[in-house]
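Please read the structure below before turning to the comments.
The values are calculated or read from the model by the stated rules, or taken from the named source; none is laboratory data. Here the structure is a predicted model, which means the values were calculated and not measured. We place every Cβ from the backbone using ideal geometry, glycine too, and count neighbours over all the protein chains shown.
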Amino acid sequence: MTSRWGRSYMTTRREEVGMLNALVWALACFGVVAADIALSVVLFSALGVASVFMGFSIDDLDIQLLQAAAQMASFLMALLWWRYLWPRSFMTRWQGERPLGGGAGKAWRRIACVIVIGLALQVVVGYVTDAVLSLLPEVAADYSELVEETGMGDTSYLAVLTTVLGAPFCEELLVRGIIFEFSLRAFNPQCRPLWKRRRRAGAQDGAMVPWAAPSTWGIAAAIVLQAAIFGFMHMNWVQGCYAGAAGLIFGWVLVTTGKLRYTILLHFAFNAGSYLMTLLWFVNTPFDVIITVAIAGVILVEAMRSLRQACGMDAARAPFR
């Protein structure tokens, strides 16, 4: 029979191991960000060296073209990395245990819900951000200068393409794919047998690995961590705050659907919504803004509720269980 001291020691030991596991995988999350930054540095350094030998100035290149090249390199890195992680990922196990059903009708309903969530979220985040910036004129001025210097306000075809199509694929693989996987590992050490199984095991072998399902707390903490890192990746306070807030919804959609394709579509709708905001030209007064945000908020909540239903989610059928 185990003594009280022995039980206390084992509990303390498990807590220490859990904290160490969380620290290691949280650092791994930031390691993904560092790898992405390092890749861009290498790419731009290579372009700088090439410009010397080929007789052109890198400053003469279109900034949108440079950003597109960096985005493509980041996408290829993320794709290869995610393909390596996929067989032993939470998402693989999840899709095996809780496949989405309902046929074409439910699939189209999920697609419609995700698009509505993205557009409604853009309206809420966009107007709330503008309202906050109106109270912080110095921050607003600095952000406007940043937008002008980096070409974020550019509406050229290449700028729209990289924002609406390129960013969703690249950032979702990096954040909701790799970083969210590492975040789940950070807060769910009891699931260690899943990612420690043999490397060459196929995705279908995941169901044979004995494991304890991730806790509700562990999933929630992972969503918060990946959202915080998503905000950090934007490297400025304004975009960082609203990207972090949006990242919470993105993470929720991933947990609800279990598929990256839906968060990619969500990201596409969210970014496209920033260009479609001009259609709300009639929203001028503070009262108009409040009413618009309230309506968009209700639509957002209803679309999220409808998505849960379309995915067969209910209180008795939690993720990963």
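Structural remarks
- Scanning segment 84-123 for residues that are without any contact (Cβ under 8 Å) to a residue 24 or more places away in the chain and not in a helix (DSSP H, G or I) yields a single hit, 99.
- Of all residues assigned to segment 253-264, at least one qualifies as being part of a loop (DSSP other than H, G, I, E, B) and either at pLDDT below 95 or not small (Gly, Ala, Ser) (or both).
- Only one of the listed residues (118, 177) is within 19 Å of residue 264 (Cβ to Cβ), surrounded by 21 or more Cβ atoms within 10 Å (Cβ to Cβ) and touching a Gly at 6+ places or on another chain (Cβ under 7 Å). That residue is 118.
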